[in-house]
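Encoded as structure tokens, the structure appears first; notes follow it.
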2 protein chains.
Amino acid sequence: MKKIINDPKRVVDESVAGFGLAHADIVRVEMDPIYVVRVDAPVSGKVGIVSGGGSGHEPLHAGYVGFGMLDAAVPGAVFTSPTPDPILAATKAVDGGAGVLHIVKNYTGDVLNFETAADLASAEDITVRAVVINDDVAVKDSLYTAGRRGVGGTVLVEKLAGAAAQRGDSLDDVAEIAERVNANVRSMGLALTPCIVPHAGEPSFTLAEDEIEIGIGIHGEPGRERIKLAPADDLVDRLIDPVLDDLPFAGGERVLLFVNGMGGTPLIELYLAYRRAAEVLQGRNVTISRSLVGNYITSLEMQGMSITVLRLDDEMIELWDAPVQTAALRWGR
Amino acid sequence: MKKIINDPKRVVDESVAGFGLAHADIVRVEMDPIYVVRVDAPVSGKVGIVSGGGSGHEPLHAGYVGFGMLDAAVPGAVFTSPTPDPILAATKAVDGGAGVLHIVKNYTGDVLNFETAADLASAEDITVRAVVINDDVAVKDSLYTAGRRGVGGTVLVEKLAGAAAQRGDSLDDVAEIAERVNANVRSMGLALTPCIVPHAGEPSFTLAEDEIEIGIGIHGEPGRERIKLAPADDLVDRLIDPVLDDLPFAGGERVLLFVNGMGGTPLIELYLAYRRAAEVLQGRNVTISRSLVGNYITSLEMQGMSITVLRLDDEMIELWDAPVQTAALRWGR
């Protein structure tokens, strides 16, 4: 296992500490229990938004803490849900009196631990609502999940709900936006290589030199099938066709097209994939109104990509364009 | 070779085309000869800035084209200098009447081809100045280079010179800023794994499972030494100590600390490395005033990192903070 780490047990603590030092203008880091919070939290009168989950998907979620997006992020151990304690602490830290929204990816541990934290917060008179993200069309049930997994759509929910909270929407309205985004977004991914969880020391699965896993999960969970290495355009088609057929996208829509790298994939390949995805959308009479290309929800050093398509309405476009100032997404400020 | 590509010969063309589609609000892409240019170029009365070099280092350079940074970027084949033709075409496309600055990384092919293009542009009455970036302290001469190589400092030169041009500085003043940044910046990198150039199909060098190359170049050129796998803090020390000793940084300075990934390194490791680098700087009484952490100058899917330290003055801080709107760096707009 070749990694830039010291002790596998200290990877998350040391990385989060470095994150806090690098972005002290945007976030504050608490270490016991561990969470990352907007430097100016709680923002009085604003709905607070908390997300979190296992580490190893960076910049998700800490990279999205800041003005116009998340108020706090709770990192678990690598690929392991955070416990209720830090989720509760983060929820209390961002409560500005207007309630708190939990954005939760649909993995059994995350859902349970966020629910427990929400119950504990309610007992302290904080109003909490939760939205569970489940945009991955690849498989219905999976390792760690009942129902569909939450993947790339999570980044878009965090941006759009974050912008709604920033402009002063109520908790119900922010939750409605989050649910609307989740209902209109679909994703699917593939892997060229596995990744190694530091405390495991070995890949959780293996792929032959000429094999690709279609429908991979962000923890390396099995997807739909293994195929032989194929040209990029074929690979893109194998992701975007199921994505478009699922909602379904019928033609005539405006969308946000998000081509995401799994962590170890160079940008040169992601943009090459974007080109084909754009061609497919054009062929189906779907208009790309906004784009995102890069490594935004990852699986450590895994090579691979996912494609996410969000059907946009006017309000979503306005919320996407609204100012944001986080470590990983920033414009207008 | 496992990559998301179609034909190795078409990787750059298809990727640049995708880049143009994804960022049509910021750039325009020309395909014959190939270059990427600000959507509003030429900007009348503003100094134009052109950079370029072999592809495979994305987001460098195309990712830095836009308001407040580069006016054009010229991508060569992977790890291969662009020829004078597209450099000349880009130079003409960004000439707003105030002259054009070439920012050139110190590799023999880049230096020669930019010189030839500058001569041709002069013959068409465009005033061109060039600044050659050579911030890599690892080795003096190397494969492809006489003198030191240009690496991470290039990103910082492009931002600061770009901001100076955007505020209306003259060609001489913009060139002076670029030279001042180059004189005050030092870098060094390491690799955990090699990368594969698509048209070669095989790694240009190999590393054993427990070996690390210290002082690696961004094309996989040999560095100073090969060592056994070591804890992250030791690896950081082996990069930052030579960087700090070279300028030298004597203590009392304000700096920008830039921890850069080589393309295949996850952010969780880069932030962990940042933590140690910050500790070392504090120990030497050097103040971190600005930070940059991420994959900004890469070597395809290589795993590894580089550390760059820039000694800041008041003007550099003002230029760093100035608004920028590119695909890869964006704030204030």
Query raised in the report: If we keep just the residues of segment B:108-135 that are assigned to a helix (DSSP H, G or I) and among the acidic types (Asp, Glu), which is farthest from B:GLY217 (Cα to Cα)?
Result: B:ASP119
**Report entry** Single residue of segment A:208-217 satisfying the filter (touching a Gly at 6+ places or on another chain (Cβ under 6 Å) and more than 12 Å from every other protein chain (Cβ to nearest Cβ)) that is surrounded by the most Cβ atoms within 10 Å (Cβ to Cβ)
**Finding:** A:ILE216
Query raised in the report: Tally time: how many residues in segment A:174-195 are within 23 Å of A:LEU270 (Cα to Cα) and either touching a Phe, Trp or Tyr at 6+ places or on another chain (Cβ under 7 Å) or among the β-branched types (Val, Ile, Thr) (or both)?
Result: 3
Report summary line: Pairs returned, first residue in segment B:114-126 that is exposed (fewer than 12 other Cβ atoms within 10 Å of the Cβ), second residue that is assigned to a helix (DSSP H, G or I), beta-carbon separation under 8 angstrom, 6 or more apart or interchain, are B:GLU124/B:LYS92
**Report entry** Looking only at segment B:218-246, and only at residues there that are in contact with a strand residue (DSSP E or B) (Cβ under 6 Å, 6 or more places away or on another chain) and closer than 13 Å to B:ASP136 by Cβ, the one that is surrounded by the most Cβ atoms within 10 Å (Cβ to Cβ)
**Finding:** B:LEU239
Query raised in the report: Residue check: is A:ARG149 buried (at least 24 other Cβ atoms within 10 Å of the Cβ), closer than 23 Å to A:THR265 by Cα, among the charged types (D, E, K, R) and touching a Leu at 6+ places or on another chain (Cβ under 7 Å)?
Result: no
Report task. Select, from A:ALA22, A:ALA72, the only residue that is buried (at least 24 other Cβ atoms within 10 Å of the Cβ), within 11 Å of chain B (Cβ to nearest Cβ), touching a helix residue (DSSP H, G or I) at 6+ places or on another chain (Cβ under 6 Å) and small (Gly, Ala, Ser). Result -> A:ALA22
Requested in this report: Sort through B:VAL12, B:VAL43, B:VAL47, B:VAL16 and tell me the only one that's modelled with pLDDT of 95 or more, under 17 Å from B:ILE87 (Cβ atoms) and more than 14 Å from chain A (Cβ to nearest Cβ).
Outcome: B:VAL47
Report summary line: Inside segment A:289-307, the number of residues satisfying the requirement of being over 17 Å from A:LEU329 (Cα atoms), in contact with a helix residue (DSSP H, G or I) (Cβ under 8 Å, 6 or more places away or on another chain) and buried (at least 24 other Cβ atoms within 10 Å of the Cβ) is 4
Query - Elements of type strands (runs of 3 or more DSSP E) contained in segment A:1-107, each with 3 or more residues being in contact with a Lys or Arg (Cβ under 8 Å, 6 or more places away or on another chain) - result: A:34-38, A:100-105
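What are the residues in segment B:296-325 that are within 11 Å of chain A (Cβ to nearest Cβ) and touching a residue at least 60 places away in the same chain (Cβ under 8 Å), if any?
Across segment B:296-325, the qualifying residues are B:TYR296, B:THR298, B:SER299, B:LEU300, B:GLU301, B:MET302, B:GLN303, B:GLY304, B:MET305, B:PRO323, B:VAL324, B:GLN325.
The values are calculated or read from the model by the stated rules, or taken from the named source; none is laboratory data. What you see is a predicted model; the values in this text were computed from it and never measured. Here the Cβ is made from the backbone with ideal geometry for all residues, glycine too, and neighbour counts use every protein chain on show.
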